[in-house]
Structures are given as C-alpha cells and as structure tokens.
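The values are calculated or read from the model by the stated rules, or taken from the named source; none is laboratory data. The structure presented is a predicted model; accordingly, all values stated were derived computationally and were not measured. We place every Cβ from the backbone using ideal geometry, glycine too, and count neighbours over all the protein chains shown. In case anyone asks, the SASA skips ligands and DNA or RNA and just uses the protein heavy atoms, side chains included. Shrake-Rupley method; radii C 1.70, N 1.55, O 1.52, S 1.80 Å.
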Amino acid sequence: MSIVHLGTPNRAALEDVELEGRMIRKADTVAIGLPAVNRDPSVFSEPDILKLDREDARKHAAFGGGIHQCLGQHLARVALRIGFSCLFARFPNPRLAVPAEEIKLREQPAAYGVLALPVAWDA
C-alpha cells in the first residue's frame, strides 16, 4: 500500500511494448497504479496481508525506483522500523477500537489515508 495511488505520470515508454494485449508505443506517456504494482502476487507473497517484516519489502514501489528513487527512503525506512518496534514493545496487541467500516478515508487526489484511526491495546 502507498499513500500515493498514481506514480508520476511524466514517464515515457522507451520502446514499443505489448502489455496485456495492448500496444504501448515508444514515447507514449505511462502512469503507474501503485496499489496494483505493490500488490502483484508474482512479486509479493500474500500481497493483501500487512506484514511489517516481509522479506520482499524492498520491491515495494512507494519510494519509486531506478533513477527516480526517493532520496529520503532509507531514512523513512529506518524511522518506520524504529517507530514500529518501539510502539509494539510499549503497546502490544493493538487493535481497532471501532469496526473497520467506521474508519473514514481521506480521499484527496495526491495522497490517501485515514482521517482518524482509533486503536486499543492490552496493558
């Protein structure tokens, strides 16, 4: 999952390629649907399950790729690793405090997420 749902749309095909029966011509503009890329079962084992310790996490496209990789990705990954470790050590077994259906999403075009995430945990 990524908070950004579309990759930067200013990418162009480097050569003619047929994909899923459709021809993409050299120089055609290409936009990437990150939720689909990041849930590709041929790349990720059990892609619909949140696994913070998954082996194939480096293949995730949230931070871009190739020459278009985010410069801050390593800092972000370290901050998340430390943050989650500390959070779960201090508050084991977190769970939603409301039914999942009640979680309201922020549906702005550039970045998605939740408006609030009420949680509870065991002491």
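Before moving on, here are some points about what is shown:
- Count - residues of the stretch 64-76 that are open to solvent by 40 Å² or more (accessible area, probe 1.4 Å) and within 18 Å of Leu34 (Cβ to Cβ): 5
- Count of the stretch 81-95 residues which are open to solvent by 80 Å² or more (accessible area, probe 1.4 Å) and farther than 17 Å from Lys51 by Cα: 1
- Criterion: open to solvent by 70 Å² or more (accessible area, probe 1.4 Å), of a type in the set (A, V, I, L, M) and at pLDDT below 80 - qualifying residue of Ala61, Ala110: Ala110
- Qualifying residue in the stretch 53-76 (condition: in a loop (DSSP other than H, G, I, E, B) and closer than 25 Å to Asp122 by Cβ): yes
- In the stretch 9-30, of all residues being within 23 Å of Tyr112 (Cα to Cα) and surrounded by 11 or more Cβ atoms within 10 Å (Cβ to Cβ), the one that is modelled with the lowest pLDDT corresponds to Arg11.
- Selection over the stretch 31-56 of residues that are loosely packed, with under 14 Cβ neighbours inside 10 Å and hydrophobic (A, V, I, L, M, F, W, C) gives a count of 6.
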